[in-house]
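Here the structure is laid out as structure tokens; the discussion comes afterwards.
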Ligand SMILES: CCCCCCCCCCCCCC(=O)CC(=O)SCCNC(=O)CCNC(=O)[C@H](O)C(C)(C)COP(=O)(O)OP(=O)(O)OC[C@H]1O[C@@H](n2cnc3c(N)ncnc32)[C@H](O)[C@@H]1OP(=O)(O)O
Ligand SMILES: NC(=O)C1=CN([C@@H]2O[C@H](COP(=O)(O)OP(=O)(O)OC[C@H]3O[C@@H](n4cnc5c(N)ncnc54)[C@H](O)[C@@H]3O)[C@@H](O)[C@H]2O)C=CC1
């Protein structure tokens, strides 16, 4: 992510100091950034003089005079806190300290900084030099000045900034979690990654969910699940493979990561990448899934296209209603902007919350009830109380939901 972020800043004429830990990574980073910038100037006709300079270093102390730092190290809380503590001693006291976490607690990261009010989440989307969204994550101690500066940065980068509250995954990735989980369960039950992706791409997504995960890197979600104790060393010994706290769990992505399949970056993930970025179905994965199903006694079945679409989309939408209820997003329109500009959601379908209204909220409710009855061990499928409330009030149009939401407490 750091590379794409550096390119976005440079394109806006902002000088950048890129910091890495080892020479090899620094060299690879420099090469990747330079080739992105070359393509950029060819495509947009940008003269080099209009690009902000980028210098590369292994020395964090070079950041001492910067106005703003964007941290983009691995998704690991202990590491992020270590970096924020170091930044506090190196940087100017008024420097804005941003974190590009995918979903870690901003307030806990801020606790390691000497001025937590100047810590703000700036969540970019992959590929960071292309995707238009910037989620600006506001922790309980983040100051209005820090939020306003991050929003101003979004503008300067020609991105769309959306302010969101602090919870695991914020808005976008929190809704992605039930969506990706349904996709794993569909594989367990008999579907193939390319079948799921085809349905989502025919719906209009720029990329199906398995291609998106391969693009982002499967290790991001893996690190997050390890942080949450769902897998890895924090998992209590004797935990059932396919259950966590009585809820259904799929270890499929963990197994892929453990075997080094991290997506595009390792040449294999849910797909095989023999030619850079070209995803081809992998026969290995097909036989791995067959073995997996027989190991756990799962009867494979033909999963229909409607079921794939409904389980993936309605679980994502259902989480959107919970987010509104908790005041993590300011409005349904904000959620829609996040999905259209950050996750390749088809623009002509208006975003997930608008789409839910178009489909008909009673239908979404009915389908969620049906799937929850069929899968009672997946609590995410239980319809949210906000959805029930909207249906009970006659499914008002999206712009009227705000009035109902304001009765709840907002984090923003
Ligand atoms: C606590 C968190 C819990 C999370 C649980 C859920 C886990 C889910 C996993 C998510 C992990 C976390 C990631 C995250 O935080 C948030 C994300 O970033 S999710 C990813 C969001 N991104 C998308 O959904 C991308 C959707 N796709 C698109 O919008 C388009 O397909 C794309 C823009 C990629 C390509 O557009 P297209 O017109 O087809 O291509 P072009 O050929 O014109 O290319 C434009 C530009 O993009 C570069 N590019 C294209 N494909 C790729 C690729 N596969 N990988 C990298 N880059 C790609 C291409 O090179 C061009 O760049 P230039 O430099 O301009 O040449
Ligand atoms: N991959 C994605 O699609 C997205 C990732 N993010 C977030 O961005 C962050 C980085 O993720 P990725 O780019 O996928 O990881 P990555 O593994 O590609 O890159 C992480 C980089 O951080 C460097 N690093 C590690 N420790 C460091 C230190 N002490 N000082 C300087 N550099 C250090 C590593 O050398 C590596 O180059 C994570 O927090 C992730 O959640 C956010 C949005 C999207």
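Computed from the coordinates by the stated procedures, all read-outs in this text should not be read as laboratory data. This one's a predicted model, so the numbers in the text were calculated from it and none came from an experiment. Ideal geometry is used to build each Cβ from the backbone, glycine not excepted, and the neighbour counts take in all protein chains shown.
Quick one: plug the Kirkwood hydrodynamic radius of the range 2-165 (C-alpha pairs) into Stokes-Einstein at 20 °C, 1.002 mPa s, and report D in µm²/s. Write out the running numbers ahead of the final one.
Details: Rh = 16.0 Å.
It comes out at roughly 134 µm²/s.
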Find the centroid of the Cα atoms in the range 375-404 and in the range 125-204, then give the distance between the two in whole Å. 21 Å
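Fewest first, what order do 248, 64 take by the number of other Cβ atoms within 10 Å?
Details: 248 18, 64 12.
Placing the least packed residue first, the sequence is 64, 248.
Once you keep just the Cα pairs under 8 angstrom separated by 6 or more residues, what percentage relative contact order results for the chain? Numbers along the way, then the final one.
Details: 663 pairs, mean separation 54.5, N = 412.
The normalised contact order for the chain reaches 13 percent.
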For the residues 53, 168, what sequence is obtained by ranking on other C-beta atoms within 10 Å, fewest first? 53, 168
Could you state the principal axis extents of the C-alpha atoms in the range 222-290, from the largest down, to the nearest angstrom? 40, 25, 16
Ranking request for peptides 120-126, 91-97: highest mean number of other beta-carbon atoms within 10 Å first, then the rest in descending order. 120-126, 91-97
Taking the chain as the reference, fit the longest principal axis to its C-alpha atoms, fit the long axis of helix 23-44 to the helix C-alpha atoms, and give the angle between the two in degrees, 0 to 90, nearest 10. 80 degrees
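Give me 270, 345 ranked fewest to most by other Cβ atoms within 10 Å of their Cβ, as a rough exposure proxy. Intermediate results must be reported in sequence, preceding the final value.
Values: 270 28, 345 23.
Ordered by Cβ neighbours within 10 Å, fewest first: 345, 270.
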Looking at the chain only, what percent of DSSP beta bridges run antiparallel? Nearest 5 please. 30 percent
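Which of rounded, prolate or oblate describes the range 305-405 when judged by the alpha-carbon gyration tensor and an a/c cut-off of 1.5? Mind showing how you got there, number by number?
Details: a/c = 1.57, a/b = 1.20, b/c = 1.32.
Note, shape of the range 305-405 comes out oblate.
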Along each principal axis of its Cα atoms, how long is the range 192-243 end to end? Whole angstroms, biggest number first, please. 42, 20, 12
extent check for the chain: Cα max minus min per principal axis, descending, whole Å, gives 58, 51, 48
